[in-house]
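As structure tokens, the structure follows; a few thoughts come after it.
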């Protein structure tokens, strides 16, 4: 499916690891004129104003705030603090974006933010295998599947660990621009990653889904 100029927002925050954010910037932020399709308009957003520190000592600032984050066509949360709920402003922004019809995406522990907003209730979802049991315990209406790269629920997608997030980003490019688009990128993504598969999932309301506790985990 071909799309027009599609906006993608991604949430940055103080203390985050830069890999997941870098994957999003690599896939959606760099121009791809060789593909001859309208590419994405990426906007890095944050709740905080001013410099943010990342793991490893890097400091960065984001040009956009939560209003821009919530107004994009695809809204991405690449990580979240699993020890506590996201700020209320972030939860509200995610709910507003979903209500408006945006595509909502999480990578790794970002699934906790989507679950806190109620966007994963009754859905199959994944996260980093290390956090799968915690996600299931904290949000029992979510059907957590720890042994897939990503789960595509059409309007809501969740990715597993950091590298799996890159697979899911390439999956989104295939959805938007056709299955051959990642391999046609000049000097870009390797074909072995573009061929890796996740899982599509159909949404059902919480009352129609029996609770399933997932105890299996995969190796790192």
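Can you find even one residue in the range 74-94 that is modelled with pLDDT of 90 or more and farther than 23 Å from residue 139 by Cβ?
Looking through the range 74-94, none of the residues is modelled with pLDDT of 90 or more and farther than 23 Å from residue 139 by Cβ.
Go through 166, 149 for me and flag whichever is at pLDDT 90 or above and under 19 Å from residue 6 (Cα atoms).
On the way: 149 fails: under 19 Å from residue 6 (Cα atoms).
Matching residue, one of 166, 149: 166.
Does residue 49 fit the bill of being out of contact with any strand residue (DSSP E or B) (no Cβ under 8 Å at 6 or more places or on another chain), over 30 Å from residue 147 (Cβ atoms) and not in a helix (DSSP H, G or I)? Steps first, please.
Values: out of contact with any strand residue (DSSP E or B) (no Cβ under 8 Å at 6 or more places or on another chain): yes; over 30 Å from residue 147 (Cβ atoms): yes; not in a helix (DSSP H, G or I): yes.
Against the criterion (out of contact with any strand residue (DSSP E or B) (no Cβ under 8 Å at 6 or more places or on another chain), over 30 Å from residue 147 (Cβ atoms) and not in a helix (DSSP H, G or I)), residue 49 qualifies.
Of all the residues that make up the range 63-84, how many are in a loop (DSSP other than H, G, I, E, B), over 17 Å from the mean Cα position of the chain (by Cα) and either surrounded by 15 or more Cβ atoms within 10 Å (Cβ to Cβ) or touching a residue at least 40 places away in the same chain (Cβ under 8 Å) (or both)? Outline the logic, then answer.
Of all residues in the range 63-84, those in a loop (DSSP other than H, G, I, E, B) come to 63, 65, 72-73, 78-84.
If we keep only those that are over 17 Å from the mean Cα position of the chain (by Cα) too, we end up with 63, 65, 83-84.
Filter once more, so that each one left must be either surrounded by 15 or more Cβ atoms within 10 Å (Cβ to Cβ) or touching a residue at least 40 places away in the same chain (Cβ under 8 Å) (or both): 65.
Counting residues in the range 63-84 that are in a loop (DSSP other than H, G, I, E, B), over 17 Å from the mean Cα position of the chain (by Cα) and either surrounded by 15 or more Cβ atoms within 10 Å (Cβ to Cβ) or touching a residue at least 40 places away in the same chain (Cβ under 8 Å) (or both) gives 1.
Quick one: in the range 103-118, of everything that is without any contact (Cβ under 8 Å) to a residue 40 or more places away in the chain and part of a loop (DSSP other than H, G, I, E, B), which residue is surrounded by the most Cβ atoms within 10 Å (Cβ to Cβ)?
By that ranking, first place goes to 117.
Failed condition for residue 121, given (1) outside any helix (DSSP H, G or I); (2) closer than 22 Å to residue 21 by Cα; (3) modelled with pLDDT of 95 or more; (4) over 11 Å from the mean Cα position of the chain (by Cα), with all others met?
Answer for residue 121: the failing condition is (2).
For the subset of the range 1-37 comprising residues that are part of a loop (DSSP other than H, G, I, E, B) and closer than 18 Å to residue 179 by Cα, which member is modelled with the highest pLDDT? Show your work before the answer.
So the first thing to find is which residues in the range 1-37 are part of a loop (DSSP other than H, G, I, E, B), and the list is 1-6, 13-15, 17, 30-32, 36-37.
Within this subset, residues satisfying the condition of being closer than 18 Å to residue 179 by Cα are 1-4, 6, 32, 36-37.
Values: 1: 45, 2: 46, 3: 49, 4: 58, 6: 95, 32: 85, 36: 81, 37: 85.
Within the range 1-37, the match that is modelled with the highest pLDDT is 6.
Take the range 38-62 and flag every residue that is over 20 Å from residue 178 (Cα atoms) and either in contact with a helix residue (DSSP H, G or I) (Cβ under 9 Å, 6 or more places away or on another chain) or surrounded by 18 or more Cβ atoms within 10 Å (Cβ to Cβ) (or both).
Applying the first criterion (over 20 Å from residue 178 (Cα atoms)) to the range 38-62 yields 43-62.
Of everything in the range 38-62, those that are over 20 Å from residue 178 (Cα atoms) and either in contact with a helix residue (DSSP H, G or I) (Cβ under 9 Å, 6 or more places away or on another chain) or surrounded by 18 or more Cβ atoms within 10 Å (Cβ to Cβ) (or both) turn out to be 43, 44, 45, 46, 47, 52, 54, 55, 56, 58, 60, 62.
The values are calculated or read from the model by the stated rules, or taken from the named source; none is laboratory data. Note that the coordinates shown come from a computational prediction; the quantities given were computed from them, not determined experimentally. Cβ: placed from backbone, ideal geometry, glycine included. Neighbour counts: every protein chain shown.
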